[in-house]
Amino acid sequence: MKALVFNKSNFDWETSRGFELVDIPEPVLDEKKNVDDANYVIMKVHYAGVCGSDKGIWTRTAFRGAILNSIDEESKNTVIASPSATESEAISSKEKIASSSAKGGLLAMTGKKAYRIIGHEFFGEIVKIGSRVKGLGVGDFVACESHVVCNKCYQCLHGQKEVCTNEKILGISVDGGFAEFAKVPAQVVWKTDTSKIRPEVAAMQEPFGNAVHAATKVDLKGKSVAIFGLGPIGMFLTIVAKGMGASSIIGVEPNPIAADMAKKLGIDYVIPLNNPFQPPLLQRGGDLGSPSFQKRGQGGVPYEHDQEVIDELKKITKGVGFDVTFEMAGFNSSVNNAIAAARRGGDVILFGLKNGQFVLDEDYNKLVMKGISLHAVAGRQIWKTWETTRRLMEDISTGVQEKLFNVILDRGNGTILPISEYTKERFEEMMQKHPKFLIQF
Ligand SMILES: NC(=O)c1ccc[n+]([C@@H]2O[C@H](COP(=O)([O-])OP(=O)(O)OC[C@H]3O[C@@H](n4cnc5c(N)ncnc54)[C@H](O)[C@@H]3O)[C@@H](O)[C@H]2O)c1
Ligand SMILES: [Zn+2]
Ligand SMILES: [Zn+2]
């Protein structure tokens, strides 16, 4: 089958970029060889969404450790054979030595598995099912919760599975869904009614759920809201916050394409970041975390808040500040902006991600005496957030589906990439042009 992978035996993390299109054996369920397969399903993937985290893997600026270490760990136990091998050969040819060729997109590999199938936002149909799986059947249309939780740790046992101690993430620490078929534990599978949610939208349930989780951290009814970062999840949040009754929503975003889209989604106003927008994907090293991309004002210290932006935001709130601010970009300066823009006693929701230490630039005494509450949001609450997401998507009167398909996916105009047309250049171009796009398998 065709899949997009990071293949450690072909590419060095530090010097490479992008995903490799390969031809690898389809996943199998073989309960005789692996009893745990009884708890798995195999999906035929229809659509998979590309998100900020995937861009981080593409540019090698995120998830290095999680991907490389998990590949090493997995390769101790998993052996694969060449694409022409039979299913049982594929998992039993233990002694074979790795040899791979990415030429022409065919990954002819034997020996130890050295790749990770990328992708954690996907939707498709169950085609095979393990004997111990309950409540699901072949032919069911499903999306996946990307966090594979242990169900045993303290948090899992106390209603906080989203912060499981032992979680694994599809497409990062275990194989994901940028492939024609995906083998996933049945516990992550979420049944979707395709008569109510169109498949392209169904493929966005996972990231939309991120926004639903963030928006339900505090009550937004009647609140003034500022969103820092209008990437796909910041845009989803705009839709949800409006639906939850926020009285006003102001965005801060450097990319004019994203700002325009957020306006079509009903955001009240977007403050552009004045530093020239440098598409971070254009050049290697010019990644999302590069100081040149973050730097603005304040003598050019990359982590500091942006006083001009804060002044403008304060003016909008008549000097009070916002009831709730959301950091949806994952930059140190943006975190400081979100803190500085919150009113005394307000709430700051931290959602964006970036590896490394962050600096808080406000006087600590003042920060504490401001009495703000900082909330960190990880993933989605399982399954509470998914139930809310389903309700918002299935109910046509919310306009959620329409906004997701007509505005964010531009009715599919240039936002859906058939896997047969994949090239690195085309993928790169789509990442530049579209805040959100889907791969069709
Ligand atoms: N907490 C979680 O569970 C979780 C889950 C998924 C993604 N994330 C993270 O959430 C963030 C948003 O995800 P996404 O897929 O929308 O990402 P994205 O990278 O596509 O979008 C980020 C947006 O922020 C904008 N931006 C860049 N610098 C900015 C700045 N200084 N101030 C304001 N905006 C700025 C970018 O132009 C872009 O539109 C990412 O950091 C992602 O890694 C967190
Ligand atoms: Zn994602
Ligand atoms: Zn757990």
(request) Being within 20 Å of A114 (Cβ to Cβ) and within 15 Å of ligand 1 (Cβ to nearest atom) is the filter here, so list the residues in the range 155-176 that pass it. (result) K168, I169, L170, G171, I172, S173, G176
(request) Just give me the residues in the range 148-161 being surrounded by fewer than 21 Cβ atoms within 10 Å (Cβ to Cβ) and either under 18 Å from the mean Cα position of the chain (by Cα) or not in a loop (DSSP other than H, G, I, E, B) (or both), in sequence order. (result) V148, Y154, Q155, C156, L157
(message) Looking only at residues that are among the polar types (S, T, N, Q) and under 19 Å from the mean Cα position of the chain (by Cα) in the range 193-216, which one is nearest to V407 (Cα to Cα)?
(response) Q205
(request) Could you please give the count of residues in the range 22-51 that are within 16 Å of ligand 1 (Cβ to nearest atom) and over 15 Å from G176 (Cβ atoms)? (result) 0
(message) Can you report the number of residues in the range 120-147 which are within 16 Å of ligand 2 (Cβ to nearest atom) and part of a loop (DSSP other than H, G, I, E, B)?
(response) 3
(message) So if I check each of G139, G222, which one is within 29 Å of A259 (Cβ to Cβ), small (G, A, S) and surrounded by fewer than 19 Cβ atoms within 10 Å (Cβ to Cβ)?
(response) G222
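Read-outs: derived from the displayed coordinates by stated rules, not from any lab. Keep in mind the model is a prediction, meaning the values are calculated, not measured. Cβ coordinates were reconstructed from backbone atoms using ideal geometry, including for glycine residues, and neighbour counts include every protein chain displayed.
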